[in-house]
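The values are calculated or read from the model by the stated rules, or taken from the named source; none is laboratory data. What you see is a predicted model, and the numbers here were worked out from it, not measured in a lab. Methodologically, a virtual Cβ is constructed for each residue, glycine included, from the backbone with ideal geometry; neighbour enumeration extends over all protein chains shown.
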Amino acid sequence: MIGLHRLEGFYWVARTGGYARAARAFPYPITQPAVHQQVKKLEQELGLALFERVGKDQMQLTAAGQRLYRFAAPFFEGLPGVVRAVQSGDSSGTLIIHAAPLFVRHLLPRWIQRVRRAHPQGRVELVEMPQADVARLRDGSADMLVDFLPEWPEDVATQRVGTLRGFVVLPARHPLARRARLTLAQLGEETFISYPTGGIAHDLQMRALAEHGIRPHNMLSASTAESILGFVEAELGFSLLAWIGDEAPRWPGVAAIPLQSPKVEFPVMAAWRKDMPEHALLDAALGCAPKA
């Protein structure tokens, strides 16, 4: 009989790719040597090598290890959600949602209100995340993500809950601010205020500019939509913001004009693991979700 704690050590090493990283990722305090011993004793019990070393604290699964990991991973990844459901003491349980700041403010409040009305005993925890992290679904720390990704992995199910539409935002006193339509070429020489490099939001801004033939000469960056709007209000430049639904961003001292020819639109998705255990409150949330 395989000891569960030894299988747990194997799972975390397989998932993180090393003993030190596994010790840090464990849901409770444990030392690196203890994790190493768990794996070694499991290999002795099975009479098989489960890992091979490919670098300093870099372990790679053998064929046997891969087969065992495919069996063990769904159990350990689904366990946190099951524990929360058992501890909650009711059929609704707890639903943990991770979402980008824009959706936390402008999409989820009324949505959660509908869920609470349908399931008053349920508990919803909303966590603001700057970028979608599918790993949070896989390790059970989130039940649902609400965000945009260019491509969702195959082990994740999705339901469209909204649409991001592109708007040009510029100072209200700008000479072009009163126009119902404008082209980005008219702003091509001005400072562009972007999201920080390395994130999806920045990449989408750059893609939209490229589609309109614009390559900014001067740029500033800000980490949130609110910060960008503040920079625009201070007349430091203009920007492109994706906003939820048809309503334009509203901010004192800022004009927002829909981006035209070509329009920029991105689907907003609710996402969850295809193999997650039955979750009544997740089902309720999807049933109450906004219609895209």
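Among the residues of region 124-141, the ones that are in contact (Cβ under 8 Å) with a residue 60 or more places away in the chain and in contact with a strand residue (DSSP E or B) (Cβ under 8 Å, 6 or more places away or on another chain) come to 7 in all. Counting the residues of region 229-251 that are surrounded by fewer than 15 Cβ atoms within 10 Å (Cβ to Cβ) and touching a Ser or Thr at 6+ places or on another chain (Cβ under 6 Å) gives 0. Against the test of being part of a loop (DSSP other than H, G, I, E, B) and either surrounded by 14 or more Cβ atoms within 10 Å (Cβ to Cβ) or in contact (Cβ under 8 Å) with a residue 12 or more places away in the chain (or both), the options 166, 213, 198 yield a single qualifying residue, 213. With respect to (1) free of Cβ contacts under 8 Å to residues at least 60 places away in the same chain; (2) not assigned by TED's automatic domain parsing to the domain that holds residue 199, the lone exception for residue 175 is condition (2).
Scan region 129-163 residue by residue and report those that are among the small types (Gly, Ala, Ser) and in a strand (DSSP E or B). The answer is 157, 162.
Results for (1) of a type in the set (S, T, N, Q); (2) at pLDDT below 90, shown as yes or no for each residue.
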| site | (1), (2) |
| --- | --- |
| 32 | yes, no |
| 42 | no, no |
| 56 | no, yes |
| 60 | yes, no |
| 78 | no, yes |
| 84 | no, yes |
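Quick check on my filter: what residues within region 118-128 are at pLDDT below 85 and either outside any loop (DSSP other than H, G, I, E, B) or in contact with a Phe, Trp or Tyr (Cβ under 7 Å, 6 or more places away or on another chain) (or both)? If the condition is that a residue be at pLDDT below 85 and either outside any loop (DSSP other than H, G, I, E, B) or in contact with a Phe, Trp or Tyr (Cβ under 7 Å, 6 or more places away or on another chain) (or both), then 118 is the only one that fits. Within region 233-250, being modelled with pLDDT of 85 or more, on the phi > 0 side of the Ramachandran plot and either out of contact with any Asp or Glu (no Cβ under 7 Å at 6 or more places or on another chain) or assigned to a helix (DSSP H, G or I) (or both) holds for one residue alone: 235.
Scanning region 252-266 for residues that are in contact with a Gly (Cβ under 8 Å, 6 or more places away or on another chain) and either of a type in the set (Lys, Arg) or surrounded by 14 or more Cβ atoms within 10 Å (Cβ to Cβ) (or both) yields 258, 259, 263, 264.
Residue by residue, here is whether (1) of a type in the set (Val, Ile, Thr); (2) more than 29 Å from residue 129 (Cβ to Cβ); (3) outside any loop (DSSP other than H, G, I, E, B) holds:
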{"site": "206", "(1), (2), (3)": "no, no, yes"}
{"site": "231", "(1), (2), (3)": "no, no, yes"}
{"site": "252", "(1), (2), (3)": "no, no, no"}
{"site": "268", "(1), (2), (3)": "yes, no, yes"}
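Does any residue of region 249-261 turn out to be touching a residue at least 24 places away in the same chain (Cβ under 8 Å) and basic (Lys, Arg)? No, there is no match, as no residue in region 249-261 is touching a residue at least 24 places away in the same chain (Cβ under 8 Å) and basic (Lys, Arg).
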